[in-house]
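Let me begin by presenting the structure, written as structure tokens, before commenting on it.
The values are calculated or read from the model by the stated rules, or taken from the named source; none is laboratory data. Keep in mind that this is a model prediction, so the values were computed, not measured. Cβ placement follows ideal geometry from the backbone for every residue including glycine, while neighbour counts extend to all protein chains displayed. What goes into the accessible areas is simple: the full protein's heavy atoms, side chains included, and nothing from ligands, DNA or RNA. Shrake-Rupley method; radii C 1.70, N 1.55, O 1.52, S 1.80 Å.
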Amino acid sequence: MSTSAVMSLSEGAPVSALSSAALLSFVLLTTPLDAGAHAPLPTCTSGTRQVELMAGQPDVKHEVCIRPGRSTSFFFNAKLARVELPEPERFRVIKDETGFTLMATQALPAGERVPVTVSFQEGTPASATFTLVVHPSEVEHEVLVMRRERTVASYREGEQRALEEARQCRWENARLQVECTAQVGLTTLLSLKIMGEKGVPSKSLEDEVSACPGNTLTPVKAHSYRSDTGHTTEDGRKRVRLAVVQELRNTGDTPWTLAEAVLVGPRGEEWKALAVWPLKPIPPGQSGHVVVEVEVPEAQAHSTFTLKLWSQEGGARGELFDGVTFP
């Protein structure tokens with residue numbers, strides 16, 4: 001509000017005669033708008049405060065209570081490179097590679113928020129920011145910061161993904177050897193240890209597999225195969241190798257080339273194909289064979305599955321075939 005506006009307000013009617021709305025407007029317009037000053041104070045931890053920094057998660061500015069004249073110490077499980085604090089002359093700071101201790105040496109107003117950023121010598125996350133909140137009566141003396149580069153779950157997920165990629169690479173290598181050298185496939189199966197002593201049982205699916213509405217491909221013939229392996233799951237369950245060979249007719253107007261496949265269980269669980277073959281198109285109006293191989297826990301191998309195929313030519317829906325079973 002301008003000075004002239006304030007003067008006319010004071011020289012006019014008494015304050016008691018002002019309407020409530022006018023008085024409220026006067027108070028709001030003449031009060032400084034400091035959002036930080038009105039932000040609620042955080043809850044302070046009486047003992048040691050523990051903070052976890054997780055790689056890959058958004059940078060959260062953790063609020064830490066400080067009080068002028070009292071010290072707050074930060075301890076880290078990773079070596080520090082530097083500590084950045086605005087207006088450092090307002091604080092006394094002692095730091096080394098394992099952490100730092102600070103204390104406000106000036107009478108800072110309650111509720112003021114001061115950011116402090118730490119950078120690590122190596123690893124991820126590379127840095128972290130904390131918000132120092134000036135509290136009128138409380139202080140957090142110790143803050144223990146644990147930086148975790150990866151969770152146990154992410155390690156397990158990465159390990160499982162690496163195993164699946166290695167299996168697929170072995171299968172691709174075997175397939176290339178067969179195509180290039182024209183050797184009999186049983187030798188490859190035995191060398192890769194993906195055929196048990198009982199061989200490879202097969203089952204005709206000619207009267208079982210059906211194409212879902214909207215498919216471009218219709219089944220002509222189908223066989224399924226099963227092979228015991230020496231592989232087990234993380235909890236020790238036996239895994240088996242399953243394969244589906246289908247002769248499919250392309251009823252569309254463009255070529256269709258197999259790109260990837262997924263075997264879907266009755267409860268919606270999915271097993272991505274370790275390998276698909278061959279990677280050559282089925283021309284419009286003609287038929288061609290496709291081979292899909294997966295590896296699943298033995299307990300799930302006796303279910304009835306849906307086979308979902310995607311083409312290299314595009315199409316998000318994919319081709320769906322119900323009634324896939326294995327011997």
With 5 Å bins from 0: P(r) over region 39-110, alpha-carbon pairs, percent
3, 12, 21, 26, 23, 12, 4, 0
Taking the Cβ-Cβ separation of residue 280 and residue 52 as r and a Förster radius of 51 Å, what is the calculated FRET efficiency to the nearest 0.05?
0.50
At a probe radius of 1.4 Å, what is the per-residue accessible area of residue 75, in Å² to the nearest 10?
90 Å²
Would you mind calculating the gained length between residue 84 and residue 169 on full extension (0.36 nm times residue separation, minus the Cα-Cα distance), in nm to one decimal?
25.8 nm
Give me the percent of Cα-Cα pairs in region 79-133 that sit more than 12 Å apart, rounded to a whole number.
68 percent
Using only the Cα atoms of region 216-281, what are the Rg and Dmax in Å?
14.9, 48
Which value, in debye to the nearest 20, describes the size of the charge dipole of region 47-89 about its Cα centre when Lys and Arg Cβ atoms bear +1, Asp and Glu Cβ atoms bear -1, and nothing else is charged?
200 debye
7 Å from Cα along Cα→Cβ at both residue 260 and residue 61: what's the point-to-point distance in nm?
4.0 nm
Taking a probe of 1.4 angstrom, what is the accessible area of residue 48 in Å², to the nearest 10?
70 Å²
